[in-house]
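Following: one structure in C-alpha cells, then a few remarks.
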C-alpha cells in the first residue's frame with residue numbers, strides 16, 4: 001500500500017502491551033526516532049498510545065509545531081514511561097510553539113512537567129500583536145507530572161488556552177507523597193478564575209465604552 005506525503009494527514013501508533021514498561025533510558029523513544037514523521041507536511045492528527053519509554057524535550061515540540069502547521073490533535077501517551085520529574089525535559093512552556101504555529105490545535109495529551117519561565121520573561125511573546133491563543137483547546141492532559149508553581153503555571157496556561165475547562169492528571173503510583181493531581185486541580189481552578197476575571201474586565205470595559213459613546217453622541221445632537 002502506497003501513501004503520498006501530500007495526502008497523509010493522520011498518524012496512529014498503538015501498542016499491544018497491556019502494561020506500562022519500566023523506565024529505561026537506553027530503550028526510550030527520542031526525537032530522532034520520530035523525526036521521519038516530521039517530513040509529512042499535512043499531519044492534522046498524531047496519536048501514539050503506546051506503553052513505551054519516552055524521552056522527549058521542548059525543542060522537539062517546537063520542531064514538530066513548525067513541521068505540522070495543520071495539527072489539530074496531538075497525543076504521546078501520558079501514561080507511558082517517562083523520566084522522573086527532575087529529569088523530564090518536556091514542559092508546559094514547550095506548548096507555546098504549538099500555539100504559535102498550529103492555529104487549528106484543539107487537543108493535547110502528553111506528560112508535561114509544570115515548569116515555565118517567569119511570566120514576565122514570556123510577556124514579550126504574549127504582547128506580540130501576532131500572537132493568537134488556542135481558543136479551541138478545552139482539555140489538557142498532563143499525566144502524573146509535577147507542578148512547581150501553581151499560580152505562575154496557571155497564568156502561562158491561561159495565556160495559551162483561555163477557554164480551557166479541564167486539566168486531566170493523576171497521581172504517581174510510585175510516589176504517594178507527591179500530590180500531583182491535587183496540584184494540577186489547583187492550576188485548573190486558577191485558570192478558570194483568570195478567565196472569569198478577564199471576562200468581567202472586558203464586560204466592564206465594553207459597558208464603559210458604550211456609555212461614553214452614547215454621551216458623546218448626545219453632545220453632538
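We did not get these values from a lab; they are worked out from the coordinates using the rules stated. Predicted, not measured: the structure shown is a model, and the values here were computed from it. Counting neighbours? That spans all protein chains shown, and the Cβs are built from the backbone with ideal geometry, glycine included.
Structure notes:
- Label-to-label distance, residue 185 versus residue 203, with points set 7 angstrom from Cα along the beta-carbon direction: 2.7 nm.
- Compactness relative to 2.2 N^0.38 Å, alpha carbon Rg of region 24-96: 1.07
- With a Förster radius of 35 Å applied to the C-beta separation of residue 66 and residue 27, the computed FRET efficiency comes to 0.80.
- Order of 109, 51 under a 10 Å beta carbon neighbour criterion, fewest first: 51, 109
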